[in-house]
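As structure tokens, the structure follows; a few thoughts come after it.
The values are calculated or read from the model by the stated rules, or taken from the named source; none is laboratory data. As the structure is a prediction and not an experimental result, all values here were calculated from the model. In this analysis, Cβ positions are derived from the backbone assuming ideal geometry, glycine residues included, and neighbour counts consider all displayed protein chains. Heavy atoms of the whole protein, side chains included, go into the accessibility calculation; ligands, DNA and RNA do not. Shrake-Rupley method; radii C 1.70, N 1.55, O 1.52, S 1.80 Å.
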Amino acid sequence: MSTLTLIDISGQQAQTSEFATSEKIQIIGWSGNQLVYVKIASGASGDNPDRHRLITYNYDNGESKEIAKSNYFNDVMLAGDNIYYAPSNALQKTKIVCYKVNAKGENNKILFEQEVWNIFRTDYNKIEFSVQNDWFELSMTDDRVLASSGPPPIQLTRIYIDS
């Protein structure tokens, strides 16, 4: 089992607080006071359509909010104050699409109505994603999706830190 623990070192003595325990925890990133992560249900959960859970945790008030659940997420990425996530269609009864939601878990929006396999941030305001053998480009400024001529030359996500 993995445990997610925050350590507050601002006082004379460090304070620890455990707020998530699961079979596996994948940190997606921080957006302000929000920690975004995916936790995997413990135990024999391979056939569970809700096995992976996308969570946002508010450090200031200690509240966790489940944003989405799926048997598996094909990809999850944090860019600025927004989370882009693509659930897998494994064991799902509803149509699988690609979503955008803010780091507080509010304003969930469908970006693309097909199962997205990979998400790459290739520029400050641009995301590219794959759908089977096809590639699409998302403008982060207006959420417009256009077909791309092919995969990005480097299939790695760029990380930008605003200061």
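A 1.4 Å probe run over region 5-95, with the rest of the protein chains in place, finds 56 Å² accessible per residue. Taking all protein chains together, TYR99, TYR160, TYR85, TYR59 sort by accessible area into TYR59, TYR160, TYR99, TYR85, largest first [probe 1.4 Å]. Between LYS95, LYS104, LYS24, the GNM of the chain built on Cα springs shorter than 10 angstrom shows LYS95 fluctuating the most.
When the chain is described by a simple charge dipole with +1 on each Lys and Arg Cβ and -1 on each Asp and Glu Cβ, the residue from ALA41, SER130, MET77 located farthest towards its positive end is ALA41.
A Förster radius of 25 Å, combined with the Cβ-Cβ distance separating GLU18 from ASP143, puts the computed FRET efficiency at roughly 0.10. Could you please state how large a percent of the accessible area of the chain is carbon and sulfur, counting protein chains only and using a 1.4 Å probe? Carbon and sulfur together cover 44 percent of it.
Across region 114-130, coupling constants 3J(HN,Hα) worked out from phi with the 6.51/-1.76/1.60 Karplus curve, θ = phi - 60°, read 8, 6, 8, 9, 9, 10, 10, 8, 9, 7, 4, 10, 9, 10, 10, 9, 9 Hz, and Gly and Pro carry x. Only protein heavy atoms count here; on that basis, with a 1.4 Å probe, LYS100 has an accessible area of about 30 Å². When the chain is treated as a Gaussian network with alpha carbon springs shorter than 10 Å, the biggest mean-square fluctuation among LEU91, LEU78, LEU111 belongs to LEU91. If I model the chain as equal point scatterers sitting on the Cα atoms and use the Debye formula, what is log10 I(q)/I(0) at q = 0.16, 0.18 Å⁻¹? Treating every Cα as an identical point scatterer, log10 I(q)/I(0) equals -0.96, -1.16. Taking Cα centre as origin and charging only the Cβ of basic (Lys, Arg, +1) and acidic (Asp, Glu, -1) residues, the dipole magnitude of region 6-143 rounds to 300 debye.
Computed over the chain with a Gaussian network model linking Cα atoms closer than 10 Å, the most mobile of ASP75, ASP134, ASP60 is ASP60.
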